[in-house]
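Everything on this sheet refers to the single structure shown next.
What follows is calculated from the coordinates using simple rules that are stated; it is not laboratory data. If you're wondering where the values come from, they're calculated on a predicted model, not measured in any experiment. Methodologically, a virtual Cβ is constructed for each residue, glycine included, from the backbone with ideal geometry; neighbour enumeration extends over all protein chains shown.
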Amino acid sequence: MNQITLTGRLTDEPKVTYSAGSEPVAHAVFNFAVPDMTMRRDEQGNYPTNFFRCACWGKRAESVEKYCIKGTKLLIVGRLRNNNYEKEGQKIYSNEILIDSLEFLETKKSDAKAKGEQP
């Protein structure tokens, strides 16, 4: 079984594109920071952090575009996909999380505050 569940925050604004055609489909990609709370905190009190590239399609991607900004806290469930390709004769390997479901872990009020809006 290939399933991964992560809780973390977006490290930057999500990048959303739409396919060409009569019914465009949204595709969202973003980087996701997940603190490793099984490890010791550093001198500043922070846990070591793992970073993941995440992607989703369709309505889920539209929700990411509409509601997510840098720092948004999410719970994501998805599957790990290994990508590999050749560039200038070098084999390049990368991983990404294909999101099957996501849950917002902060209230709308917190999101509005992050965007500088009045509640």
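General observations
- Count of the stretch 46-99 residues which are loosely packed, with under 14 Cβ neighbours inside 10 Å, charged (D, E, K, R) and assigned to a strand (DSSP E or B): 5
- Within the stretch 1-41, the residues that satisfy the criterion of being of a type in the set (S, T, N, Q), touching a residue at least 60 places away in the same chain (Cβ under 8 Å) and farther than 12 Å from Ile99 by Cβ are Asn2, Thr7.
- Scanning the stretch 56-95 for residues that are touching a Lys or Arg at 6+ places or on another chain (Cβ under 9 Å) and of a type in the set (S, T, N, Q) returns Thr72, Asn84, Ser94, Asn95.
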